Amino acid sequence: MIRRRSLLTAAPAVALGMALTGQRAVAAPAALTSDSTLLPRGGKSPRIVICGGGWGGLSSARHLRDQLPDAEIIVLERNPFFWSCPMSNKWLIDVVDTAFLTHDMMAPAIKYGYHLVQCEVTGIERDKKIVRTSKGNVDYDFLILAGGIRNAYDVWFGDDVAAAEYTRMHFPSAYIPSAEHLALKNMMRNFKGGTIVMTLPPPPHRCPPSPYERACMLAWHFKVNRIPAKILILDPKPGVAPIGAGYRAAFDELYPDIITHVPNARVKELDPWNKRIMTEAGDFDFDEAILMPTHQAAEMVYYADLIGTDDKGNSTGWADMDPRFYHARSDDSVYIVGDSMGAISPHFGHYPKSAHVANYIARIVARNIGQRVRGQEVVAELPDNLCYMLVNGDPLEAISVEFTYELGPDGLVHQTQIDIDVRTPDLLDEDFVWANGMFNDFLL
Ligand SMILES: Cc1cc2nc3c(=O)[nH]c(=O)nc-3n(C[C@H](O)[C@H](O)[C@H](O)COP(=O)(O)OP(=O)(O)OC[C@H]3O[C@@H](n4cnc5c(N)ncnc54)[C@H](O)[C@@H]3O)c2cc1C
């Protein structure tokens, strides 16, 4: 029997077994929650709880310690170690090894003097200033939500959890820190030939240039190992962006027989069992796939009931936040750091959902919370962004994109984008300087 699933953008969606309609919160299974008290207060110092110990969360903890030497800082993270998504495409072709990407989280927690609790955040009760976790409840004075993204399979499959789980398990997107990266690398190494489709999420999504980098890494592996592979990049956008000219040159000059970029290919229907995908640019059969669904803010932003709505009252899927001070519009004790952040400016929408921005905003938020606790004026600051993308395996050559921001006379944030489209080895050297600088900032 052919099982076909329809795209359900307008239909009620279900995630983690609970309804997600309009701005209704996603909720964690009740069985996960413990009602005991986790970490009773030690004294009168302010307590800042950080949900999520990835780029944004650990950067926040480290910089808060500088700002507030006496504060109680608690990081709640489900994973036992830190896995860097930045540089993970390079890891696919062994430019870096696993030790480069993975980091012990206990060492920075001890060095900077914050609590690190491995647990699942399962609920947030803002009226009581309590975070519910699988290990018990934690109360806070300030809360930082730094949970990254959720894969919104419900946009494709509605309440069909079986279809979502089958897709996640067989064609993982490998876009969050998890075992999916290993599954992707194994898929690439075991692939004997045929067609791989890669769906890109509609914007805004995590690290916009990185799916194209991933396609280049796979294509390079297939080229040097003479594997007869075709990679179809199914892109909902009308063209490759950012660094469009640099990527198109790489596709045409380095991988002309392997990579095909298909623009305007929004997914209409997906049949993971029969390996068939229907898009607005045509229908495609595949042998293997990297199926990236729509990205949205992490579930914890839904738990906190802080997801924004658009003019028509529909959920934006991202946090509703003050674009200059990064706290929730409706609750200034809750900050949103990293990819879960909502739109910043009508001129460009969201800040790029990048590790660089997550780290930068974390440092600003740490300063802002420090200023508030000390009773000082809170200074609004803007980030910048920088991303290097490897496109060739031999010689190792990268391209890059930079973004700067300034406040315009209209009182809104404006963005300037500079694409560096000419691939050079120097840009990869700069990437290593960037990555090592970041790891030094909050992990070592
Ligand atoms: C392939 C790839 C390449 C990339 N390359 C670059 C690059 O070159 N440069 C760049 O700047 N950015 C890059 N990025 C983007 C970067 O990884 C993200 O922007 C960054 O990780 C965002 O930080 P974050 O803290 O918001 O989310 P994350 O780093 O994902 O951290 C979120 C954390 O929250 C935890 N969490 C979530 N929910 C819960 C819960 N309920 N309970 C407990 N813990 C929870 C997660 O386990 C995770 O550790 C890349 C991403 C990918 C996928």
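The values are calculated or read from the model by the stated rules, or taken from the named source; none is laboratory data. From a predicted model like this one, the values you see are computed outputs, not experimental measurements. Using ideal geometry, Cβ is built from the backbone for each residue, glycine included, and neighbour counts are taken over all protein chains shown. Surface areas here come from the heavy atoms of the whole protein model, side chains and all, with no ligands, DNA or RNA. Shrake-Rupley method; radii C 1.70, N 1.55, O 1.52, S 1.80 Å.
R0 = 51 Å: FRET efficiency of R168 with D410, Cβ-based, nearest 0.05?
Numbers: r = 43 Å, r/R0 = 0.84.
Computed FRET efficiency for R168 and D410: 0.75.
Taking the Cβ-Cβ separation of K312 and R276 as r and a Förster radius of 51 Å, what is the calculated FRET efficiency to the nearest 0.05?
Working: r = 32 Å, r/R0 = 0.64.
According to the calculation, E is roughly 0.95.
Please give every one of the aspartates and glutamates within straight-line cross-link reach of K90, meaning a C-alpha to C-alpha distance under 17 Å, and leave out same-chain neighbours fewer than 8 residues apart.
E180, E213, D394, E397, D426, D429, E430, D431
Give the peptides 352-358, 368-374 in descending order of average Cβ contacts within 10 Å, highest first.
So the peptides 352-358, 368-374, ranked by packing, come out 352-358, 368-374.
Classify the stretch 325-367: rounded, prolate or oblate, from the alpha-carbon gyration tensor (a ≥ b ≥ c, eigenvalue square roots; a/c under 1.5 rounded; otherwise prolate if a/b is larger than b/c)?
Working: a/c = 2.03, a/b = 1.12, b/c = 1.82.
Oblate is the answer for the stretch 325-367, as a/c is 1.5 or above yet b/c matches or exceeds a/b.
Any idea of the accessible area per residue across the stretch 363-444, 1.4 Å probe, to the nearest Å²?
Working: 3800 Å² over 82 residues.
Using a 1.4 Å probe on heavy atoms only, each residue of the stretch 363-444 averages 46 Å².
Over the chain, with a Gaussian network built from C-alpha contacts below 10 Å, which listed residue (L306, L39, L427) shows the highest mean-square fluctuation?
Residue with maximal mean-square fluctuation among L306, L39, L427: L39.
Pop the C-beta distance of K223 and T102 into the FRET formula with R0 = 25 Å and round what comes out to the nearest 0.05.
0.35
Specify the angular offset, from 0 to 90 degrees and rounded to the nearest 10, of the alpha carbon long axis of helix 425-442 from the longest principal axis of the alpha carbons in the chain.
Approximately 30 degrees, to the nearest ten.
Work the Kirkwood hydrodynamic radius out for the stretch 371-439: mean of 1/r over every pair of different alpha-carbon atoms, inverted, in Å.
Averaging 1/r across every pair of different Cα atoms and inverting gives 14.6 Å.
Leaving out ligands, DNA and RNA, what percent of the accessible area of the stretch 154-285 is carbon and sulfur, probe 1.4 Å?
Numbers: 2750 of 5110 Å².
The computed percentage sits at 54.
Hey, what angle do you get for helix 210-224 against the long axis of the chain, alpha-carbon based, 0 to 90 degrees rounded to 10?
The helix 210-224 is inclined about 40 degrees to the chain.
Out of the GluC sites (Glu not before Pro) in the stretch 275-339, which ones are loop residues according to DSSP with at most 16 other C-beta atoms within 10 Å?
E280
Quick one: which of 235-248, 407-420, 55-68 comes out on top by average Cβ neighbours within 10 Å, and what's the full order, highest first?
55-68, 235-248, 407-420
For a quick size check, give me the Cα extents of the chain along its three principal axes, largest first, whole Å.
Principal-axis extents of the Cα atoms in the chain, largest first: 65, 52, 45 Å.
How much of the DSSP beta bridge set in the chain is antiparallel, as a percent to the nearest 5? Working shown, then result.
Working: 50 of 82 bridges.
The antiparallel proportion sits near 60 percent.
When ligands, DNA and RNA are left out and all protein chains stay put, how many square angstrom of accessible area per residue does the stretch 28-123 have with a 1.4 Å probe? Numbers along the way, then the final one.
Numbers: 3900 Å² over 96 residues.
Each residue of the stretch 28-123 exposes 41 Å² on average to a 1.4 Å probe.
I'd like to check one number: the per residue accessible area of the stretch 172-330, probe 1.4 Å, reported in Å² as a whole number.
Values: 5960 Å² over 159 residues.
Dividing the accessible area of the stretch 172-330 by its residue count gives 38 Å².
Going by the alpha-carbon gyration tensor, a ≥ b ≥ c the square roots of its eigenvalues, is the stretch 32-169 rounded (a/c under 1.5) or, if a/c is not under 1.5, prolate (a/b greater than b/c) versus oblate? Please report the intermediate quantities before stating the final value.
Working: a/c = 2.46, a/b = 1.25, b/c = 1.97.
Note, shape of the stretch 32-169 comes out oblate.
Per the Kirkwood treatment, what hydrodynamic radius in Å, one decimal, follows for the stretch 262-310 from the mean inverse distance over all distinct Cα pairs?
13.2 Å
Could you tell me which GluC sites (Glu not before Pro) in the stretch 367-436 are loop residues by DSSP with no more than 15 other beta carbons within 10 angstrom of their beta carbon?
E377
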